[in-house]
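Laboratory data are not the source of any read-out in this text; all were calculated from the coordinates shown. Just so you know, these numbers come straight off a predicted model, no measurement behind them. As a convention, Cβ positions derive from the backbone with ideal geometry for all residues, glycine included, and neighbour counts pool all protein chains shown.
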């Protein structure tokens, strides 16, 4: 088991190094280097804008740019720059926002609760529906219920979350006026207002997750129900509900936890669009905003942290999975 | 009962049938299994229709998708304009028809790129184990570690949004799943007798890969592609929705949805048609994929 954990840990470190290289390279491919971005559009405006004194101001701008580049180490070889950048990250410095020159890490962490809240609510909603529905579909295999659940989950996969969100806004927000349609108010400021606003976005996300969980749980349970130990349990006279609850579900819930782990780890993917639709100022909102403002250090920070979070959650899931299921450990040979 | 007895007694009737049975190829058996799945057949027909619609968009659209009808901003559906007008007064029905082009070009184009990269990576990793496998597997993990939407947005914003970048960017970010599946498939194929036999008689790696391995990974890849096209169409719509995909005035479903969102209070009908088209198209590709999986790979039935 120790070897398994060490191997898995090493693999994660390698993945994180790759991730950092990809993000670093992607940022360098972006138009304009960090120094130009730091000086900002108004400084660059001298170059493009003025006609009369432009040569004087142009040289002034270039001079400033050179200075800043030296200061930021941009005149050094690219791998040195990368290593400096990594050293900064390891020391908790993810860079400074081009917008207001504040460190990006606290800003990103400040947005995390809003996104986490959406995700936790969505997962809870999804579990409440998905677990009974998945069990029912698997137990009553090929029945009307099974087909109904199957249709629901197929539809859930096909409906883009942003369109579903729009429909919800239109129906529940505008026509019925039950919920405010957008905005975010921190939970600690006004719990009621916060939950009112969180309901529609988490419902939207929750429905997608429900489709995902149901499909997974049903398939998993169907497979488990064919195992020998289930036949043994039914041979020794246990009722069907006892078999499902005590034996089959126990097995499937472990796999469901893996899926939930992956969903939570990939939280950003799930919420970028939803946050945009509902004006929910979480991480996804910040990401899209930063991209449009060309705040690359911010974008870089968010993407790195998101990938880091996903890798860590995956690592934890794999390790706990290995602890719970010895067969996985044996298979692991990469 | 009586009917089958009658058939069985006539030798002329048994003859050809009995001879045909063993000759029936795996492909025709797969086709029979596919035809038995009514939903998959409907889905397949829908996709063929959609393709025809996209190809002949120029001739079938009732109106010019770019023409602005003055004074018609946000006017609802009528018999002349089936889906009404968008927020600047363009015919929505024609725009939705043209939007199918973008959806299919991106869906199929990006899938092709993803499949080519994914299969190459998967076969290389699975066939030549050792360091190429470790390296490529970590690379695949890396891609999977990125929140795909964030990576897409990032790349699209760097390269600048357009149809070509949308296709390429989605293609190069979504091959990981193919690589994983193909690698696993190749690993198990490598141990099978026919591959070992081919190795034993001295067949080259190239011959083994192209003659023995690739044909056998085709079925799962086809199924994955079909399921993947739907996901890609949604990704494209999401990108265009954020303004980072197809640029106006080119009609795309995601772009129209984005207009619909901006005018959701004033003209709620704008968001309906493209949304419904996305749902139907993605649903059709998913059902087709399920049908193909059951037909091509009956053992994998019911496993997500």
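List of remarks:
- Look at the stretch A:272-285: the mean tally of other chain Cβ atoms within 10 Å of its residues' Cβ atoms is 2.
- Of interest is the spacing of the C-alpha centroids, which for the range A:211-225 and the range A:165-203 amounts to 31 Å.
- Annotation: Cα Rg of the range A:108-220 relative to the compact-globule expectation 2.2 N^0.38 Å equals 1.19.
- For the peptides B:285-295, B:61-71, the ranking by mean Cβ contacts within 10 Å, running from highest to lowest, is B:285-295, B:61-71.
- Listed residues B:87, B:212, B:269, most fluctuating in chain B (Gaussian network, C-alpha, under 10 Å): B:212
- Taken along its principal axes, the alpha carbon cloud of the range B:208-304 reaches lengths of 59, 26, 17 Å, longest axis first.
- Whole-number Å³ per residue for the convex hull built on Cα positions in the protein assembly as shown: 246 Å³
- Burial order of peptide ranges B:146-157, B:117-128, A:13-24, A:182-193 (average beta-carbon count within 10 Å, highest first): B:146-157, B:117-128, A:13-24, A:182-193
- Sorted on the mean count of surrounding Cβ atoms within 10 Å across their residues, most packed first, peptides A:228-236, B:34-42 read B:34-42, A:228-236.
- Note on residue A:292 and residue A:226: the extension gain reaches 18.5 nm, defined as 0.36 nm multiplied by sequence separation minus the Cα-Cα distance.
- Per-residue mean of foreign Cβ neighbours for A:302-309 is 3 (Cβ atoms of other chains, 10 Å radius).
- The distance separating the Cα centre of the range A:85-101 from that of the range B:227-303 comes to 37 Å.
- For the range A:271-299 versus the range B:75-117, the inter-centroid distance based on Cα atoms is 26 Å.
- Max mean-square fluctuation residue, GNM over chain A, Cα-Cα springs under 10 Å, options A:148, A:138, A:130: A:148
- Spin-label model, residue B:36 to residue B:199: label points 7 Å out along the Cα-to-beta-carbon direction sit 3.6 nm apart.
- The mean number of Cβ atoms from other chains found within 10 Å of a Cβ in peptide A:215-225 is 2, as a whole number.
- Coordinate range along principal axes, alpha carbons of chain A, Å, largest first: 92, 59, 34
- Springs between Cα atoms under 10 Å define the GNM used for chain A, and in it the highest mean-square fluctuation of A:252, A:59, A:153 occurs at A:59.
- Per-pair calculated FRET efficiency, R0 = 22 Å: residue B:45 and residue B:66 via Cβ, rounded to 0.05: 0.15
- More than 31 Å apart - percent of Cα-Cα pairs taken over chain B: 45 percent
- Mean residue ellipticity (222 nm) of chain B, computed from DSSP H runs ≥ 4 via -39,500 (n - 2.57), nearest 500: -23000 deg cm²/dmol
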